[in-house]
Amino acid sequence: MSIPVPANTTCDVYRSGNAPPAAPDVAAVPCRLDPNYQRGLEKGEGDSAGRYSAVLLVDVGTDVRDAYSGGTYGFTQDRVYVPDKNGTPYNVQFVERRGRGTPHDHLRVYLLRVTVTWPSTEL
């Protein structure tokens, strides 16, 4: 299966407790990164837990994990670095499967950008 639009970058995925400069848990994942801070703010006034700053589309076979459970966002979610471990870090807020049973079966990953080391061209 594949994502429904062309990939525009790659990313490295790190599990909780692992971080650069160590090797990523999942390396060089082709992906489509679509920053969308405004839409991510629409979660609601005063509740920042479910907000996001970008959406990442990856192949359905990609091992990327959130820490969401029954309405609560945990603290052991994966961290994604775009385009690699030296790039911009994002916490995984939520992962959902889209297009099940179609040629474009993929994962939609909601990300929240972490503090950036400036200057950065990888936003």
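The values are calculated or read from the model by the stated rules, or taken from the named source; none is laboratory data. It should be emphasised that the depicted structure is a prediction, and the values quoted were computed from it without experimental measurement. Every residue, glycine as well, gets a Cβ built from its backbone with ideal geometry; the counts of neighbours run over all protein chains shown.
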Of Gly40, Gly50, the only residue that is touching a Lys or Arg at 6+ places or on another chain (Cβ under 8 Å), modelled with pLDDT under 85, of a type outside the set (Ser, Thr, Tyr) and crowded, with 17+ Cβ neighbours inside 10 Å is Gly40
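Assigned to a strand (DSSP E or B), modelled with pLDDT under 95 and within 11 Å of the chain's Cα centre (by Cα): which single residue out of Leu112, Leu107 fits that description?
Details: Leu107 fails: modelled with pLDDT under 95.
Checking each option against the conditions leaves just Leu112.
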Flagged pairs (Cβ under 9 angstrom, 6 or more apart or on separate chains; first in region 1-24, under 19 Å from Leu57 (Cα atoms) and touching a residue at least 24 places away in the same chain (Cβ under 8 Å); second part of a strand (DSSP E or B) and acidic (Asp, Glu)) are Met1/Asp59; Ser2/Asp59; Ile3/Asp59; Val5/Asp34; Asn8/Asp34; Pro24/Asp12
Query raised in the report: Is it true that some residue in region 19-37 is hydroxyl-bearing (Ser, Thr, Tyr), assigned to a loop (DSSP other than H, G, I, E, B) and either under 24 Å from Thr117 (Cα atoms) or at pLDDT 95 or above (or both)?
Result: no
Matching residues in region 17-34 (closer than 22 Å to Tyr52 by Cα and surrounded by 15 or more Cβ atoms within 10 Å (Cβ to Cβ)) number 6
Next item on the list: Might you let me know whether region 91-110 holds any residue that is touching a helix residue (DSSP H, G or I) at 6+ places or on another chain (Cβ under 8 Å) and surrounded by 15 or more Cβ atoms within 10 Å (Cβ to Cβ)?
Entry: yes
Given the conditions (1) modelled with pLDDT of 95 or more; (2) under 10 Å from the mean Cα position of the chain (by Cα), every one holds for Asp59 apart from (2)
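Here are some residues: Thr72, Thr76. Which one is free of Cβ contacts under 8 Å to residues at least 60 places away in the same chain, out of contact with any helix residue (DSSP H, G or I) (no Cβ under 7 Å at 6 or more places or on another chain) and not hydrophobic (A, V, I, L, M, F, W, C)?
Details: Thr76 fails: free of Cβ contacts under 8 Å to residues at least 60 places away in the same chain.
Being free of Cβ contacts under 8 Å to residues at least 60 places away in the same chain, out of contact with any helix residue (DSSP H, G or I) (no Cβ under 7 Å at 6 or more places or on another chain) and not hydrophobic (A, V, I, L, M, F, W, C) holds for just one of Thr72, Thr76, which is Thr72.
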Being acidic (Asp, Glu), within 9 Å of the chain's Cα centre (by Cα) and closer than 22 Å to Ala23 by Cβ narrows Asp78, Asp84 down to just Asp78
